[in-house]
Amino acid sequence: MTATQVIAPGWTASPSPLPVFEHRLAGYRRIWRGSVFSTFLLPVLFLLGMGISVGAFVNRAGELGVPYLDYIAPGLLASTALQVAIGETTWPVMSAFSWIRTYHAMRASPLRPKDLVGGETLFVSLRVGMSAVGFLIVMILFGTVHSWWGVAALPVALVVGAAVAGPVLAFAATIKSDNMFALLYRFAVIPMTLFAGVFFPVAEMPLVARWIAYASPLWHGVELCRAATLGWPPLLPVAAHVAYLAVWAIVGYLLACSRFAKKLTD
Amino acid sequence: MPDEPLIHARGLVKRFGEFTAVDGIDVDVHRGEAFGFLGPNGAGKSSTMRMIGCVSPPTGGMLRILGLDPVRDGPQIRGRLGVCPQQDSLDPELTVTENITVYARYFGIPRRVARERAAELLEFVQLDERANDKVEPLSGGMKRRLTIARALVNEPELVLLDEPTTGLDPQARHLVWERLFRLRQRGVTLVLTTHYMDEAEQLCDRLVVMDRGKIVAEGSPRELIERHSTREVLELRFGEDALEIYTGKLAGIGERVEVLPDRILVYATDGDAAAKAVHDRQLSPSSVLVRRSSLEDVFLHLTGRTLVED
Ligand SMILES: Nc1ncnc2c1ncn2[C@@H]1O[C@H](COP(=O)(O)OP(=O)(O)OP(=O)(O)O)[C@@H](O)[C@H]1O
Ligand SMILES: [Mg+2]
């Protein structure tokens, strides 16, 4: 028997990430209504709570150049992209490895570890995209989008999602217990959300903290989103911000592929 | 080569660190056969199945599946296998039908074909009435049948079933056996593992007995019994603990005597004659049972241990 004779009967499709994405979609279809609702509700709460009430106390002299609400809204959009991407790549991934064992079922088919990582990344992009659209609509309704460039915040959100999805997928495939996700939140997600330029300019911080913020993927997303919705020029050239996020995405993807392969082969 | 075996293993080894789970086994499984790995917990059955399923690379020896190399041609081989793993991997959030159609997509099966097959397969495993129900509330037996149906969606040439009925009640188990028996009749090659000797006897044309990573015997259930046991077994129980003292008292009756913690087994061609001999020696067992030899006796003889530790 030679290798060319052994294609499965009736179809010849080669393995791809699509079936993995479709599986996630089939699960998501059961909960999409609630999910879409919170996609709109959360930004409304954020903008009311943070922008309007806190905004009444800070920035009284107008040192930010725009109302506080308009300043933080794009930052919150970027940080929502990050939150959604991390939400979809932590517990659901742990579950697919260890609890429901979906990945083991996939592993028994022609699908390869990189198809699993690719499919998850596609699904993250869908979820981040949905949330970003919801957020942007709310931002427009609140009058916080100053420029037609605002729509550019959508692709930026997708890039932020991809930049964190890869490394977190790799992390989820490496840890033994889901307790480690608490550390991820405590030492990465929460500090980034607070100090990567969402709520106040990074330039206000001491030098070391500033450089940590610059290294974080969120800061680059915040800069780009803010540039888009306020029509400001970003600190670095757009290409530099995007390239930095792309490095996170690509390195993360490769790392995730190798961690998935290791975890699913013994 | 038309009669190249579907599974061909020589000196197959699987180590986890220092520990050797599969210790140099030779196996050939031919098209159309129902082949079994019989062995107790930890014998290395699942480790072997996972190597055959191309998800666990062999540590040593040679392995060919469908004439291909499992390490190099993994995806291609897996596309032609059906796998029912020991641990459940159904998606409880999805419906019964969705579990099959979503799985079919892993194999690149078009959606329409997947839906048709799901309907046929659910009928085959008698779950068609639950087609649109969620998986979560299904009974253990139903989940097992669904996993078997799912494993058949790519029309596999070789179906691997790792302990297909462990944990099921007798009725559920018989339903699974009956479906597997049908598959066998259709000419599907089955490879299954079990620690139930009745399952092996019912379903397997040929089997290997595994213990501590090694194959200790091979043949059809009947050959194994003929080779390693007597035709009949006399089971004696005495209402006391120290059964060892009977070893001497029973000497010479039957061909061989095995003393277990709770009973004594006397291996004899004619069980009734052996029972009479026991009676003639003025021994008064509290219960006497004559039965045919089973694979359990083969295992006990070969390893000195019982198959299911209870
Ligand atoms: N991934 C692994 N890492 C380390 N040890 C393992 C691994 N998988 C199996 N083993 C060990 O290898 C031995 C054989 O395990 P295996 O699962 O193949 O046995 P089995 O015959 O299927 O048993 P059971 O009837 O309990 O399913 C066991 O001692 C087990 O602890
Ligand atoms: Mg096992």
Take the conditions of a type in the set (S, T, N, Q), without any contact (Cβ under 8 Å) to a residue 12 or more places away in the chain, within 16 Å of ligand 1 (Cβ to nearest atom) and within 11 Å of another protein chain (Cβ to nearest Cβ) and apply them to residue B:87. Does it pass? yes
Which of the following residues is crowded, with 20+ Cβ neighbours inside 10 Å, over 26 Å from residue B:71 (Cα atoms) and acidic (Asp, Glu): A:88, A:120? A:88
Considering only residues that are more than 7 Å from every other protein chain (Cβ to nearest Cβ) and not β-branched (Val, Ile, Thr), which ones fall in the stretch B:90-101? B:90, B:99
Which residues, taken from the stretch A:201-254, are without any contact (Cβ under 8 Å) to a residue 12 or more places away in the chain and not in a helix (DSSP H, G or I)? A:205, A:206, A:232, A:233, A:234, A:237
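Out of the stretch A:11-33, which residues are within 14 Å of another protein chain (Cβ to nearest Cβ) and assigned to a helix (DSSP H, G or I)?
Within the stretch A:11-33, the subset within 14 Å of another protein chain (Cβ to nearest Cβ) is A:11-32.
Result: A:18, A:19, A:20, A:21, A:22, A:23, A:24, A:25, A:26, A:27, A:28, A:32.
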Candidates B:118, B:104, filtered to the one that is at the interface with chain A (Cβ under 10 Å from one of its Cβ atoms), in contact with a helix residue (DSSP H, G or I) (Cβ under 6 Å, 6 or more places away or on another chain) and among the hydrophobic types (A, V, I, L, M, F, W, C): B:104
Look at the stretch B:1-59 and say how many of its residues are under 17 Å from the mean Cα position of the chain (by Cα), in a loop (DSSP other than H, G, I, E, B) and near ligand 1 (Cβ under 10 Å from one of its atoms). 6
In the stretch B:12-25, which residue that is open to solvent by 30 Å² or more (accessible area, probe 1.4 Å), in contact (Cβ under 8 Å) with a residue 40 or more places away in the chain and more than 13 Å from every other protein chain (Cβ to nearest Cβ) is farthest from residue B:65 (Cα to Cα)? B:20
Some residue of the stretch B:61-71 being within 16 Å of ligand 2 (Cβ to nearest atom) and either touching a Lys or Arg at 6+ places or on another chain (Cβ under 8 Å) or basic (Lys, Arg) (or both): no
Which condition number in (1) under 20 Å from the mean Cα position of the chain (by Cα); (2) within 14 Å of chain B (Cβ to nearest Cβ); (3) at pLDDT 95 or above is the one that residue A:106 fails? (1)
Specify the residue that is nearest to residue A:266 (Cα to Cα); the eligible residues are those in the stretch B:37-76 that are in contact with a Pro (Cβ under 9 Å, 6 or more places away or on another chain), surrounded by fewer than 20 Cβ atoms within 10 Å (Cβ to Cβ) and not β-branched (Val, Ile, Thr). B:57
Across the stretch B:26-36, the tally of residues that are within 16 Å of ligand 2 (Cβ to nearest atom) and either farther than 21 Å from residue B:188 by Cα or open to solvent by 10 Å² or more (accessible area, probe 1.4 Å) (or both) stands at 0
Please name all residue pairs, on different chains or six or more residues apart, with Cβ atoms under 8 Å, provided the first residue is in the stretch B:36-54 and is within 18 Å of residue B:297 (Cβ to Cβ) and the second residue is in a helix (DSSP H, G or I) and within 10 Å of ligand 1 (Cβ to nearest atom). B:39/B:45
With away from ligand 2 (no atom under 16 Å from the Cβ), of a type outside the set (Val, Ile, Thr), open to solvent by 10 Å² or more (accessible area, probe 1.4 Å) and at pLDDT below 95 as the only criterion, which of B:184, B:115, B:130 stands out? B:184
Counting only strands (runs of 3 or more DSSP E) entirely within the stretch B:213-310, those with at least 1 residues that are without any contact (Cβ under 8 Å) to a residue 24 or more places away in the chain are B:214-219, B:256-259
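Based on what the data block shows, is residue B:44 more than 11 Å from every other protein chain (Cβ to nearest Cβ), within 16 Å of ligand 2 (Cβ to nearest atom) and closer than 25 Å to residue B:213 by Cβ? Break it down stepwise before answering.
Details: more than 11 Å from every other protein chain (Cβ to nearest Cβ): yes; within 16 Å of ligand 2 (Cβ to nearest atom): yes; closer than 25 Å to residue B:213 by Cβ: yes.
For residue B:44, the condition - more than 11 Å from every other protein chain (Cβ to nearest Cβ), within 16 Å of ligand 2 (Cβ to nearest atom) and closer than 25 Å to residue B:213 by Cβ - is met.
Quick one: which of A:128, A:84, A:93, A:124 is touching a residue at least 40 places away in the same chain (Cβ under 8 Å), over 20 Å from residue A:40 (Cβ atoms) and part of a helix (DSSP H, G or I)? Write out each step before concluding.
On the way: A:128 fails: over 20 Å from residue A:40 (Cβ atoms); A:84 fails: over 20 Å from residue A:40 (Cβ atoms); A:124 fails: over 20 Å from residue A:40 (Cβ atoms).
Sole residue among the options that is touching a residue at least 40 places away in the same chain (Cβ under 8 Å), over 20 Å from residue A:40 (Cβ atoms) and part of a helix (DSSP H, G or I): A:93.
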Filtering the stretch B:77-95 down to residues that are touching a strand residue (DSSP E or B) at 6+ places or on another chain (Cβ under 8 Å) and not in a loop (DSSP other than H, G, I, E, B), which residue is surrounded by the fewest Cβ atoms within 10 Å (Cβ to Cβ)? B:95
Just give me the residues in the stretch B:187-203 being open to solvent by less than 10 Å² (accessible area, probe 1.4 Å) and under 10 Å from the mean Cα position of the chain (by Cα), in sequence order. B:191, B:192, B:193, B:194, B:199, B:200, B:203
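Please pick out the residue among B:163, B:136, B:120, B:157 that is in the same structural domain as residue B:202 (by TED's automatic domain parsing) and without any contact (Cβ under 8 Å) to a residue 12 or more places away in the chain.
Values: B:163 fails: without any contact (Cβ under 8 Å) to a residue 12 or more places away in the chain; B:136 fails: without any contact (Cβ under 8 Å) to a residue 12 or more places away in the chain; B:157 fails: without any contact (Cβ under 8 Å) to a residue 12 or more places away in the chain.
Of the residues listed, the single one that is in the same structural domain as residue B:202 (by TED's automatic domain parsing) and without any contact (Cβ under 8 Å) to a residue 12 or more places away in the chain is B:120.
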Given the options A:194, A:224, name the one that is of a type in the set (A, V, I, L, M), closer than 16 Å to residue A:75 by Cα and open to solvent by 50 Å² or more (accessible area, probe 1.4 Å). A:194
In the stretch B:241-298, which residue that is more than 29 Å from the chain's Cα centre (by Cα) and hydroxyl-bearing (Ser, Thr, Tyr) is surrounded by the most Cβ atoms within 10 Å (Cβ to Cβ)? B:246
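The values are calculated or read from the model by the stated rules, or taken from the named source; none is laboratory data. Everything numeric in this text was worked out from a predicted model, so none of it was measured. With ideal geometry, Cβ positions are generated from the backbone for all residues, glycine too; neighbour counts draw on all protein chains shown. Surface accessibility is based on the protein's heavy atoms, side chains included, excluding ligands, DNA and RNA. Shrake-Rupley method; radii C 1.70, N 1.55, O 1.52, S 1.80 Å.
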